[in-house]
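Report on one structure; see the data block that follows.
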Amino acid sequence: MTTPNANLYALLSSRFPADRSACCIETQDGLYYSWDDLERATARIANLLLSLDLPAGSRVAVQVEKSPEALFLYLATLRAGLVYLPLNTAYRAAEIEYFVGNAEPAVVVCTAQNFGWVSKIAFKSGAHSVFTLNDDRSGTLLERAAAHSDACEIVPRAADELAAILYTSGTTGRSKGAMLSHGNLASNAQVLHDYWGWSRRPPGSDVLLHALPIFHVHGLFVASHGALLSGSKMIWLSKFDAREVIRQLPRATVFMGVPTYYVRLLAEDGFTRETCRAMRLFISGSAPLLKETFESFQQRTGHTILERYGMSETVMLTSNPYDGDAGSVRRGGTVGLPLPGVTLRVVDDAGRLCGPDEIGHLQVKGPNVFAGYWRMPEKTREEFTGDGFFKTGDVGKVDRGGYVSIVGRSKDLIISGGFNVYPKEIEGVIDELPGVSESAVVGVPHPDFGEAVVAVVVPRDGASLDAGSVISTLKGRIANFKVPKQVHFVAELPRNTMGKVQKNVLRERFSAAPA
Ligand code: AMP
């Protein structure tokens with residue numbers, strides 16, 4: 001008996017539509033790629049990679065702008081049985097030097113513009129080849145691939161063999177490479193395919209509006225795999241632009257975004273019920289969606305955003321329900337229920353199980369959970385419990401109905417005068433105050449309390465707020481030890497490309513600020 005090929009590309013391509021001439025990707029500039037184009041392009045690139053005769057497990061590191069060809073490069077790397085390593089386009093020389101030095105990729109693909117400095121770093125760390133790929137289909141990767149055959153067997157891989165390494169955003173300390181196997185990615189893609197209703201739609205009837213970057217788990221795996229596994233067309237935007245999304249939405253059925261995308265859409269008058277007439281699903285994740293955004297979106301469009309939670313190390317872990325059967329609904333402010341196959345538990349500092357609604361550390365287990373951090377066996381050991389649960393680093397709770405809420409990252413927890421302060425709780429109270437658009441709460445070093453609570457507030461347009469009155473209002477609503485010692489006002493919160501508030505930046509900025 002032959003073992004089935006567990007290569008993720010084998011699974012994805014087994015679901016491509018029978019009619020390979022159908023449209024697979026349509027770009028905002030009006031380019032069409034058929035499923036046949038995708039298969040032939042990925043075969044050519046896979047053949048180019050295979051012609052390099054690289055040892056199994058070799059890494060292909062990629063820092064390029066988003067384009068259909070960049071997605072083909074990812075799929076070709078899978079197809080060739082090599083390990084894909086996407087890098088954020090915002091990274092500069094010092095960061096690339098670290099990633100390339102740490103991962104020692106055999107192949108590096110960058111833009112022609114960055115070739116000079118990237119190739120120096122790559123060859124210094126022993127890379128075999130450096131190719132270029134630009135977002136206008138030019139560059140040496142496609143030039144070289146054109147000489148190769150457009151047919152290619154999918155290289156056999158076992159479920160536990162490595163498919164990708166995703167470096168965590170690393171806001172504290174060095175970023176770590178999460179090693180994801182073909183099995184991790186395939187199991188999660190299949191679960192989401194069923195859970196989010198792709199599987200119940202007639203083949204080819206969904207259209208995904210793809211606006212996320214593809215160097216991150218959200219855009220590369222969750223969004224792309226969803227469409228590929230259901231043979232659905234993607235409308236491909238090179239980046240998120242609220243007006244372009246509004247222009248394209250009437251032709252789409254599924255959209256995935258980070259919370260900022262939803263805030264920006266709501267800021268556009270042209271975003272209406274009519275814009276969303278063909279839509280069946282809006283998904284949010286990668287950072288917390290404010291309850292206010294969730295509710296405004298419902299009022300404006302009649303759609304209830306489905307919030308889910310996951311991370312580079314595990315792909316998706318929890319999701320609000322797709323349909324409202326069995327009394328389950330999408331609850332704003334929660335990230336829903338553990339996905340089928342995922343076991344999630346909450347434990348206290350001593351590792352004891354917490355009861356319903358008790359806040360603690362989230363730990364998870366499941367076929368989607370990664371094998372460990374690349375070349376960091378110590379760190380890997382530290383992040384797994386004796387009974388095989390991964391410590392997510394997130395703090396949260398599970399209610400009696402099984403819904404999970406995230407309170408924050410454990411490293412963001414503030415300990416002031418010996419008391420635990422959960423930033424999200426304080427942010428929730430501040431956000432309710434008149435004139436407040438949003439807020440972030442951080443802890444800064446304090447000689448007496450160890451850490452002091454500091455609030456950074458974004459006022460609404462035209463609102464005039466002062467620190468003294470915010471503090472005195474909060475004193476009437478929450479325990480004194482939770483009340484910020486300082487309140488600062490800013491025009492906007494610093495966010496990374498995935499919409500996460502960079503609390504490390506705020507801590508640094510306001511640590512030395514006068515009380
Ligand atoms: P990354 O590995 O870059 O995807 O970051 C993963 C982290 O993002 C998680 O550990 C959470 O802290 C956060 N995150 C992801 N989704 C959500 C969500 N829906 N709500 C709150 N935090 C989230």
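Data for the structure
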{"quantity": "Segments classed as strands (runs of 3 or more DSSP E), wholly inside the stretch 12-91, with at least 2 members that are touching a residue at least 40 places away in the same chain (Cβ under 8 Å) and not polar (S, T, N, Q)", "calculated": "23-27, 59-63, 83-86"}
{"quantity": "So VAL369, is it open to solvent by less than 40 Å² (accessible area, probe 1.4 Å) and within 12 Å of the ligand (Cβ to nearest atom)", "calculated": "no"}
{"quantity": "Strands (runs of 3 or more DSSP E) within the stretch 127-187 that include 3 or more residues within 16 Å of the ligand (Cβ to nearest atom)", "calculated": "162-167, 177-181"}
{"quantity": "Scope the stretch 186-195; condition surrounded by fewer than 24 Cβ atoms within 10 Å (Cβ to Cβ) and either of a type in the set (A, V, I, L, M, F, W, C) or modelled with pLDDT under 95 (or both); matching residues", "calculated": "ALA186, VAL191"}
{"quantity": "Flag for THR301 being over 30 Å from THR392 (Cβ atoms) and either among the hydroxyl-bearing types (Ser, Thr, Tyr) or within 16 Å of the ligand (Cβ to nearest atom) (or both)", "calculated": "yes"}
{"quantity": "Residue match in the stretch 261-272 (condition: among the polar types (S, T, N, Q) and either within 16 Å of the ligand (Cβ to nearest atom) or open to solvent by less than 40 Å² (accessible area, probe 1.4 Å) (or both))", "calculated": "no"}
{"quantity": "The stretch 428-461, subset within 21 Å of GLY333 (Cα to Cα) and of a type in the set (Asp, Glu), residue surrounded by the fewest Cβ atoms within 10 Å (Cβ to Cβ)", "calculated": "GLU432"}
{"quantity": "Extreme residue, farthest from THR497 (Cα to Cα), among residues of the stretch 279-295 that are more than 7 Å from the ligand (Cβ to nearest atom) and of a type in the set (A, V, I, L, M)", "calculated": "MET279"}
{"quantity": "Residue in the stretch 395-416 that is farther than 30 Å from PRO338 by Cα and either away from the ligand (no atom under 15 Å from the Cβ) or open to solvent by 30 Å² or more (accessible area, probe 1.4 Å) (or both) present", "calculated": "yes"}
{"quantity": "Any hit, the stretch 484-504, residues being in a helix (DSSP H, G or I), within 16 Å of the ligand (Cβ to nearest atom) and closer than 25 Å to VAL258 by Cα", "calculated": "yes"}
{"quantity": "Breaking point among (1) open to solvent by 10 Å² or more (accessible area, probe 1.4 Å); (2) within 17 Å of the chain's Cα centre (by Cα), for VAL254", "calculated": "(1)"}
{"quantity": "Filtered residues of the stretch 462-513 (kept if without any contact (Cβ under 8 Å) to a residue 12 or more places away in the chain and open to solvent by 80 Å² or more (accessible area, probe 1.4 Å))", "calculated": "GLY462, ASP466, LYS475, ASN480, GLU508, ARG509, ALA512"}
{"quantity": "Cβ-Cβ under 6 Å pairs, at least 6 apart or on other chains, the stretch 201-222 side farther than 14 Å from GLY285 by Cβ, far side away from the ligand (no atom under 16 Å from the Cβ) and aromatic (Phe, Trp, Tyr)", "calculated": "HIS210/TRP236"}
{"quantity": "Test: residue in the stretch 222-239 that is over 30 Å from PRO105 (Cβ atoms) and either open to solvent by 20 Å² or more (accessible area, probe 1.4 Å) or not small (Gly, Ala, Ser) (or both)", "calculated": "yes"}
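The values are calculated or read from the model by the stated rules, or taken from the named source; none is laboratory data. If you're wondering where the values come from, they're calculated on a predicted model, not measured in any experiment. Backbone-built Cβ (ideal geometry, glycine too); neighbour counts: all protein chains shown. To get the accessible areas, we keep the full protein, side chains included, count just its heavy atoms, and leave off ligands, DNA and RNA. Shrake-Rupley method; radii C 1.70, N 1.55, O 1.52, S 1.80 Å.
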